[in-house]
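Asks: Let me give you the structure first, and then I'll get to my questions.
The values are calculated or read from the model by the stated rules, or taken from the named source; none is laboratory data. Fair warning: this is a prediction, and the values are worked out from it, not measured in the lab. Using ideal geometry, Cβ is built from the backbone for each residue, glycine included, and neighbour counts are taken over all protein chains shown. For accessibility, only protein heavy atoms count, side chains too; no ligands or nucleic acids. Shrake-Rupley method; radii C 1.70, N 1.55, O 1.52, S 1.80 Å.
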Amino acid sequence: MQALQKLLFSLPLWALAAQAQTLAITHANVIDTVSGAIQSDTTVVIDGNRITRVAHSTRRTPKAAQVIDAHGAYLIPGLWDMHTHVYFDSTAADGTDIVLPLFLANGITGIRDMGSALDPVLHARDEIAAHRLLGPRMVVSGPMLDGPTSHYRAAIAITTPADGRQAVDMLHSRGVDFIKVQSGVPREAYFAIADEAKKVGIIYEGHVPDAIRASEAVAAGQHTFEHLIGIFEASSPDETKYLTGKKTVGMFLASYDPKLEDNIIQLLAQKQVWQCPTLFWERGQWLVDAIDYSQDPDLAYAPRSWVEKHWPAAQKGIMNTLDVDPLPVRKEFVLHELEIVRKLHAAHVPFLAGTDTPAGVDVIPGISLHLELQRFVAAGFTPLQALQTATLNPARFLNRLDEFGTVQPGRIADLVLLDANPLVDIANTRKIEAVVSDGRYLSQEDLTQLQTKLKQLAATR
């Protein structure tokens with residue numbers, strides 16, 4: 001166990017292996033993430049890691065080991081970041097000490113990990129579930145399945161259909177929760193992966209590979225599209241050319257056909273293919289040469305090696321490999337992505353909030369999820385709809401509505417207490433007063449202490 005985790009275990013706050021006690025949060029404004037209704041002056045009682053009672057507060061103090069007076073505060077379900085990479089390539093060494101605790105420090109109580117080294121991510125998932133490691137609950141893919149020339153360390157290179165089937169079988173036998181496909185998977189190998197996943201009973205998610213049409217990915221049963229990949233190509237009469245040739249955002253804009261775009265949107269709506277657009281990272285990627293991350297007020301949470309080494313290298317790599325169009329064209333494309341999301345949402349295509357953290361430049365774990373919600377609002381979502389992408393929708397997506405996504409009796413006690421109403425301003429999700437993680441209460445003082453330790457550690461890494 002590494003430095004910060006050892007330090008945290010020395011504090012009474014992080015006796016994570018101990019049995020959670022009965023907790024009562026009184027006089028809270030509970031937000032219904034289904035309707036947006038606010039149940040004022042409400043008491044939520046938690047026994048162990050489950051909510052047992054949600055009712056109007058009374059003058060009688062509830063019988064509980066710990067009673068929290070939440071007058072004026074707003075209670076929401078714990079947030080999920082549905083696109084993360086905890087043990088990924090150059091930042092993998094910081095996964096346990098910094099990345100995982102940062103999520104909890106920012107109210108993210110659950111994550112979907114979309115590509116990490118297999119042994120560390122499986123170990124972390126199990127240790128967190130057993131309360132021996134500090135972090136959010138995890139749903140994981142292990143390494144990504146990518147093409148034969150993949151430059152990612154957290155990936156399995158796939159050349160043939162047999163490679164694809166073997167990788168699916170191995171990952172399934174190791175107990176991953178789903179399969180992640182990357183952009184470089186060869187065409188025939190992709191269909192073998194889809195077939196093998198169906199045979200062994202595991203879903204597959206991720207990029208629409210370069211060699212596959214979006215409509216083919218839908219027909220094959222791909223469960224999610226990440227980063228809106230495939231939709232741009234399908235909105236162009238040049239889609240077939242894009243299967244094997246060069247493609248840039250300028251080319252997408254120049255060949256854009258609104259009728260073709262409408263066709264793919266309607267298909268995604270009909271089949272209810274989940275979208276995780278990672279809008280904050282998309283903006284950061286396409287405008288990577290125009291954003292000065294040295295001015296980020298949250299920079300102290302990023303390890304020095306990220307800021308001084310990894311991010312500059314990533315910036316250079318992006319500029320060298322993405323066939324970069326002029327900055328005005330890329331700015332237009334960022335706006336085009338927001339418009340695509342608005343149209344998909346209007347067609348009732350389901351959405352998940354995800355960030356790609358920490359794989360991107362200045363995409364800081366935990367903090368970036370709140371910025372992603374703000375990008376959804378910029379795309380036309382109401383604050384409630386944006387909040388749903390990180391609460392109710394992940395529960396629906398994971399088929400765990402009976403456990404997560406709402407503040408109701410029987411649900412697991414993953415909660416965030418806010419100082420201000422996020423339905424008035426989605427930026428209020430950052431005004432965190434307390435976090436409940438699997439029934440364990442982290443007060444504002446606890447969170448401040450944790451944030452201080454994380455800043456201290458980041459300065460040394």
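Asks: Under 6 Å by Cβ, and 6 or more places apart or on different chains, what pairs join a residue from segment 48-62 that is in a strand (DSSP E or B) with one that is among the aromatic types (Phe, Trp, Tyr)?
Replies: none
Asks: Still on this model: Restricting to segment 299-316, what's the tally of residues that are at pLDDT 95 or above, out of contact with any Phe, Trp or Tyr (no Cβ under 9 Å at 6 or more places or on another chain) and buried (at least 18 other Cβ atoms within 10 Å of the Cβ)?
Replies: The qualifying residues number 3.
Asks: Quick one: how many residues across segment 345-373 are at positive phi and either crowded, with 17+ Cβ neighbours inside 10 Å or of a type in the set (Ser, Thr, Tyr) (or both)?
Replies: Residues flagged as at positive phi and either crowded, with 17+ Cβ neighbours inside 10 Å or of a type in the set (Ser, Thr, Tyr) (or both) within segment 345-373 amount to 3.
Quick grid of which residues meet (1) of a type in the set (Val, Ile, Thr); (2) over 17 Å from the mean Cα position of the chain (by Cα):
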position: Thr61; (1), (2): yes, yes
position: Asp81; (1), (2): no, no
position: Tyr87; (1), (2): no, no
position: Leu122; (1), (2): no, yes
position: Met138; (1), (2): no, no
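Asks: Residues that are modelled with pLDDT under 90, outside any helix (DSSP H, G or I), out of contact with any Phe, Trp or Tyr (no Cβ under 7 Å at 6 or more places or on another chain) and among the aliphatic types (A, V, I, L, M): does segment 228-238 have at least one?
Replies: No - not one qualifying residue is present in segment 228-238.
Each row is one residue, and each column tells you yes or no for (1) open to solvent by 30 Å² or more (accessible area, probe 1.4 Å); (2) more than 19 Å from Thr26 (Cβ to Cβ); (3) of a type in the set (Lys, Arg).
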position: Arg396; (1), (2), (3): yes, yes, yes
position: Leu401; (1), (2), (3): yes, yes, no
position: Leu417; (1), (2), (3): no, no, no
position: Arg430; (1), (2), (3): yes, yes, yes
position: Gly439; (1), (2), (3): no, no, no
position: Leu442; (1), (2), (3): no, no, no
position: Gln451; (1), (2), (3): yes, yes, no
position: Lys455; (1), (2), (3): yes, yes, yes
position: Arg461; (1), (2), (3): yes, yes, yes
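Asks: In this structure, is Gly410 outside any helix (DSSP H, G or I), open to solvent by 40 Å² or more (accessible area, probe 1.4 Å) and at pLDDT 95 or above?
Replies: Taking the combined requirement at face value, the residue does not satisfy it.
Asks: Does Glu337 meet the test of being open to solvent by less than 10 Å² (accessible area, probe 1.4 Å), closer than 27 Å to Arg153 by Cβ and charged (D, E, K, R)?
Replies: no
Asks: For Arg342, work out the one condition from (1) open to solvent by 10 Å² or more (accessible area, probe 1.4 Å); (2) part of a helix (DSSP H, G or I); (3) touching a residue at least 60 places away in the same chain (Cβ under 8 Å) it doesn't fulfil.
Replies: The single condition Arg342 does not satisfy is (3).
Asks: In this structure, is Gly250 touching a Gly at 6+ places or on another chain (Cβ under 7 Å) and either open to solvent by 10 Å² or more (accessible area, probe 1.4 Å) or farther than 14 Å from Leu344 by Cβ (or both)?
Replies: No: the conditions fail for Gly250.
Asks: How many of the residues making up segment 429-446 are assigned to a helix (DSSP H, G or I) and either farther than 16 Å from Gly366 by Cβ or more than 21 Å from the chain's Cα centre (by Cα) (or both)?
Replies: The qualifying residues number 3.
Asks: Only residues that are in contact with a His (Cβ under 7 Å, 6 or more places away or on another chain) and surrounded by fewer than 21 Cβ atoms within 10 Å (Cβ to Cβ): list them for segment 58-78, please.
Replies: Asp69, His71
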